[in-house]
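Engineer: Structure provided below as structure tokens; questions to follow.
Since every read-out is calculated from the coordinates, none of them should be taken as a lab result. Given the structure is predicted, the values throughout are model-derived calculations rather than measurements. So basically every Cβ, Gly included, is an ideal-geometry build from the backbone, and we count neighbours across all protein chains shown.
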Amino acid sequence: MSAPPGSPDRGGGLATTVLLGSVACFFGFLGGLPLPFGPVLGALGAAGSAAWRTYGPGRSTTAPLVPALVVLVVLTVTSPAGPATELFAGLTGLALLLWVADDPARPSGGGRRAASMIAPAALGVGMAWAITLAWAGRPQEVGVAGGLLAIALVLLAFLVATLPRRTPAVPDR
């Protein structure tokens, strides 16, 4: 028998929600919105998604993502282009992926199970930020490097998706 959602051995803990909210708040500080509005908006997006996922009618669907995604889009659109805003936009996206992996309908440890899926995105964010810092002042080279990085990540995702799945060996009886 499985435990009800929200029990200690289920996912959906407070840690990933706090991580998402804090990274979104920092992203809100860097955005183009007035100072108290950006960070508050980031916190409200994370809290709204967490509340919808815990108490809302669409707990088993992707609907609880809507508040966090809307806030992420608003903060991204209103932010000026720059290395810090790009880093925190990427980190907020990674925190959102980790929050999604920590689903209360599944056993705890969703972040650990999803690490192999989130790692290429984290590597891409890290590499893009490193390239931006290494080649500051050279926008054409950064654009070419970013394009090559995006192509490499798409090819890596395609190769990983086409790998044959291993089926567990069933012992003969």
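Engineer: At 7 Å along the Cα-to-beta-carbon direction for both V18 and L156, put a label point, then send me their distance in nm to one decimal.
Structural biologist: A separation of 3.1 nm, rounded to one decimal place.
Engineer: Starting from the amide H of S79, placed 1.01 Å from N in the peptide plane, find each other amide H under 5 Å away whose residue is 5 or more places distant or on another chain.
Structural biologist: G32
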